[in-house]
Amino acid sequence: EEDGTGASFAGAFETELGVTPDTLEDAVRTCFASMFDYRVFSYISARTDAGANNSSPTMAFAAVVMEMIDSHVAGVAFSANPLNSDRDEMVVDSSWGLGESVVDGSVHADRYVYCKINEKIVERTVGSKEQEKRLIGGGGIDIRSVDEKRQKLSSLTDEQLKQLAQLVCLVEKTYGIPIDVEWAYAPGADGGPVLKLLQARPITALFYIDDKMMTKPGERRVLYYDFNIASEATTTTP
């Protein structure tokens with residue numbers, strides 16, 4: 001049920017990191033138990049008819065076990081700008097260490113707005129990134145402080161951002177819809193950074209309009225104004 005085209009359940013289910021063979025069973029149990037969290041029932045009731053007819057929502061659940069990437073830089077990337085629904089812009093949030101710090105909001109991450117048409121950075125905001133989460137060799141996660149010098153550095157170079165944009169555009173083209181991607185840079189065999197694609201899911205926060213009203217990539221935008229909505233003569237929700 002998670003990360004579908006109609007719902008994301010962002011932050012509702014538990015994610016266990018740094019799991020070892022000895023702790024795998026407990027980690028899976030923890031993930032399954034999160035299905036009964038009040039946030040899950042509240043979210044699914046608000047998006048389905050279950051809340052309207054006072055019935056219990058039903059859902060399916062599976063815990064996925066994946067190899068852990070010990071990243072030194074990671075984050076999320078949106079193939080369309082979720083802030084203004086611009087399909088020509090990609091938005092990237094990035095920080096030191098594991099991507100969980102970006103996803104759970106525990107750090108003020110760097111943010112980049114990137115034009116996919118001109119392949120240029122439209123906006124760059126360097127966050128404080130005061131801490132980073134890293135894997136511990138024997139299992140588990142270590143939270144480390146980031147020194148002031150690294151806090152002020154951009155976590156991604158221009159070349160890395162361009163490489164990430166190419167990957168995100170490829171994923172978007174493959175699925176045929178705007179995509180939310182989790183990514184990471186981890187040391188390769190030669191010690192250099194290697195880009196890893198961790199996860200891809202549909203973006204559920206965009207404002208969609210009819211395909212006939214959409215402008216083609218790179219074309220000048222058309223502004224649509226609905227007087228009825230602006231004057232509150234009608235509503236956009238029940």
Amide H to amide H under 5 Å from Val122: which residues, 5+ apart in sequence or cross-chain, H placed 1.01 Å off N in plane?
Val113, Tyr114, Cys115
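With an 8 Å cut-off on Cα pairs and a minimum separation of 6 or more residues, tell me the relative contact order of the stretch 67-140 in percent. It would help to have the intermediate numbers written out before the result.
On the way: 153 pairs, mean separation 20.2, N = 74.
Relative contact order, the stretch 67-140: 27 percent.
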Does the stretch 126-221 come out rounded, prolate or oblate by the C-alpha gyration tensor, with a ≥ b ≥ c the root eigenvalues, rounded set by a/c under 1.5 and, if not, prolate when a/b is larger than b/c and oblate if not?
prolate
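Report the FRET efficiency, 1/(1 + (r/R0)^6), for Ile136 and Leu167, where r is their Cβ-Cβ distance and R0 is 25 Å, rounded to 0.05. Show your work: numbers first, answer last.
Numbers: r = 28 Å, r/R0 = 1.13.
The calculated FRET efficiency here is 0.30.
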Put a dot 7 Å past each Cα toward the Cβ at Ile143 and Leu195; how far apart are the dots in nm?
3.1
Label the stretch 57-209 by shape, choosing from rounded, prolate and oblate, from the square roots a ≥ b ≥ c of the eigenvalues of the Cα gyration tensor; if a/c is under 1.5 it is rounded, and otherwise prolate applies when a/b is larger than b/c, oblate when it is not.
oblate
Of Lys120/Lys162; Lys116/Lys149; Lys116/Lys173; Lys129/Lys152; Lys129/Lys149; Lys133/Lys196, which sit over 19 Å apart, Cα to Cα?
Lys116/Lys149
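Values in this text are rule-based calculations from the coordinates and carry no lab data. Just so you know, these numbers come straight off a predicted model, no measurement behind them. FYI the Cβ positions are ideal-geometry reconstructions off the backbone, even for glycines, and counts take in every protein chain you see.
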